[in-house]
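Let me begin by presenting the structure, written as structure tokens, before commenting on it.
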Amino acid sequence: MGADPVAAVTDDRPVGVAIVDDHPVVVEGVRAWLATEPRLTVLATGDDPDAVLRAAPDADVVLLDLRLHGRMALDKLAELSAAGRRVVVYSEHTDPQTMLAALDAGAVAFLAKHEGREHCVATVLAAASDRPYVPPALAGAMVGDPRPDRPMLSDKEREALLLWFQSMSKASVARRMQISEHTVKQYVDRARIKYTRAGRPAATKAALLARAIEDGLVRPEEIGIYRSQATHDRPTP
Amino acid sequence: MYVYGTFSLPVAVFVGSAVVVGLARERAAVAAAGHAMAAERDAAERGVQERRDRLTLVSSAAGRVLAELAAGQADPNDPEVQRRCVLAAARLRRLIAESDDVPDPLLHELRAAADLAERNGLPIDLVTIGTPPPLPVEIRRRLADPLTGTLADVQDWARLTVVSGPDEVVVSLVTPDREGPEATGPPPGEHDDGPVRYLYERDGNIRWAQTQWRR
């Protein structure tokens with residue numbers, strides 16, 4: 001990669017972000033984080049996803065606090081994702097089940113609230129261009145996924161996820177695995193792309209997958225959507 | 001005569017069987033009591049042995065530094081002595097946690113170590129993913145000890161992670177790499193200690209200690 005991750009989306013206009021959170025102090029904090037990045041602009045904020053999106057229908061990325069007014073907004077997340085909204089979930093609930101459920105519901109990325117500014121900015125920028133970004137906490141949830149129908153990850157992908165989760169430093173992972181940082185990122189991102197096949201389909205998952213294929217990150221047959229044309233006309237036995 | 005002839009045998013058999021059953025019950029009760037006693041003795045002996053083992057570990061962990069302090073040979077202001085005390089406290093804390101009866105003993109022991117480090121003023125993250133399978137105490141010691149030993153030397157921050165599956169447990173400790181001596185614990189590189197693999201390295205940016213158990 002190495003290319004500017006948002007080049008495709010921005011061209012000349014910055015990425016529009018909508019923030020949905022029921023704690024004003026968090027909204028202000030996130031707004032301040034995003035303000036350090038000139039390629040991002042916050043269009044609307046509020047505690048009701050529908051109202052926020054009415055105020056900013058063109059938002060490229062929605063930052064959604066998963067717990068709104070005391071209840072988990074997983075169904076809202078699924079609804080937005082199905083409609084093609086790029087939702088980055090950020091939450092203080094970092095138990096692996098919640099993270100995986102958010103991915104299944106179609107979230108482009110999951111960010112733990114304690115993961116800080118760099119991860120937040122990087123995640124939003126990547127999400128805007130339908131590219132994966134896997135912060136360490138999410139990598140941990142993926143590598144420890146106990147579900148029987150979890151995506152099949154390769155040994156290298158698992159190792160990269162595990163070491164990234166442990167060290168939070170791609171440079172250290174690269175040194176440890178004796179590969180380049182770029183390759184570490186590829187392994188991690190490929191694992192994430194495999195998760196677009198888990199759970200119910202969503203427009204955002206399709207977009208992530210399409211972009212990954214376009215970028216050459218994965219080949220269609222690697223994630224099990226290869227269908228041989230030869231079997232097409234064969235009658236079923 | 002007829003009555004005698006008809007009833008003598010069944011009555012004799014009945015009486016005989018009743019006596020046999022009574023004797024058998026008595027024997028069984030005696031045997032059960034004997035076994036229970038033997039089992040109790042075995043358990044007690046094993047308990048004593050475990051306590052003795054732990055005591056050996058405790059004396060190697062804390063005995064010498066305490067004795068030196070008591071004898072006035074060690075100066076409490078000496079940073080090296082302070083470091084040894086912290087290390088001994090970490091080992092003791094883990095040994096105490098080891099005999100607690102809790103659902104996830106490994107996590108409990110690591111939490112105890114993290115608690116202690118935190119109380120000594122070290123910001124530490126402990127993140128666990130999955131539930132470790134039941135592991136014998138020996139394996140748990142090999143998984144936790146090298147890392148809790150390293151933890152005693154850390155000052156700025158630490159990140160302790162545990163990722164568990166049914167056949168694998170990986171514990172990792174990442175801390176900033178500062179100038180200074182090698183951390184306490186086995187030397188850098190990879191070591192196989194039975195079913196537990198230990199890996200330690202520093203790259204100028206972070207120090208990375210990892211123990212990994214595989215079934």
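Some points to look at:
- Close pairs (9 angstrom Cβ cut-off, 6 or more residues apart or separate chains): more than 9 Å from chain B (Cβ to nearest Cβ) and in contact (Cβ under 8 Å) with a residue 40 or more places away in the chain in region A:151-170, among the hydrophobic types (A, V, I, L, M, F, W, C) and surrounded by fewer than 21 Cβ atoms within 10 Å (Cβ to Cβ) anywhere: A:PRO151/A:ALA198; A:PRO151/A:ILE223
- Region A:176-194, residues that are surrounded by 19 or more Cβ atoms within 10 Å (Cβ to Cβ) and within 13 Å of another protein chain (Cβ to nearest Cβ): A:ARG176
- Candidate set from region B:101-159 (those that are over 19 Å from the mean Cα position of the chain (by Cα) and within 17 Å of B:TRP213 (Cβ to Cβ)); member that is surrounded by the fewest Cβ atoms within 10 Å (Cβ to Cβ): B:GLY130
- Number of positions in region A:14-59 that are under 20 Å from A:ALA73 (Cβ atoms) and hydroxyl-bearing (Ser, Thr, Tyr): 1
- Pair list, Cβ < 9 Å and 6+ apart or interchain, from region B:117-132 residues that are within 14 Å of chain A (Cβ to nearest Cβ) and on the phi < 0 side of the Ramachandran plot to residues that are exposed (fewer than 15 other Cβ atoms within 10 Å of the Cβ) and hydrophobic (A, V, I, L, M, F, W, C): B:PRO123/B:TRP157; B:ILE124/B:TRP157; B:ASP125/B:TRP157
So that you can scan it fast, the table gives a plain yes or no per residue for (1) outside the structural domain of B:ARG141 (by TED's automatic domain parsing); (2) aromatic (Phe, Trp, Tyr); (3) over 30 Å from B:ALA113 (Cβ atoms):
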site	(1), (2), (3)
B:MET1	yes, no, yes
B:PHE7	yes, yes, yes
B:GLY16	yes, no, yes
B:ARG25	yes, no, yes
B:VAL48	yes, no, no
B:VAL58	yes, no, no
B:ARG84	yes, no, no
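- Of everything listed in (1) at pLDDT 85 or above; (2) buried (at least 23 other Cβ atoms within 10 Å of the Cβ); (3) aliphatic (A, V, I, L, M), the single unmet condition for A:LEU153 is (2).
- Filtered residues of region A:124-150 (kept if within 11 Å of chain B (Cβ to nearest Cβ) and of a type in the set (Asp, Glu)): A:ASP145
- Pair list, Cβ under 9 Å, 6 or more apart: region B:197-213 residue within 12 Å of chain A (Cβ to nearest Cβ), other residue of a type in the set (A, V, I, L, M) and part of a loop (DSSP other than H, G, I, E, B): B:TYR200/B:ALA183; B:ARG202/B:ALA183; B:ILE206/A:MET168; B:ARG207/B:VAL154; B:ARG207/B:ALA183; B:ALA209/B:ALA183
The values are calculated or read from the model by the stated rules, or taken from the named source; none is laboratory data. Just so you know, these numbers come straight off a predicted model, no measurement behind them. A quick note on method: Cβ atoms are made from the backbone with ideal geometry, for glycine too, and the neighbour counts reach across all protein chains shown.
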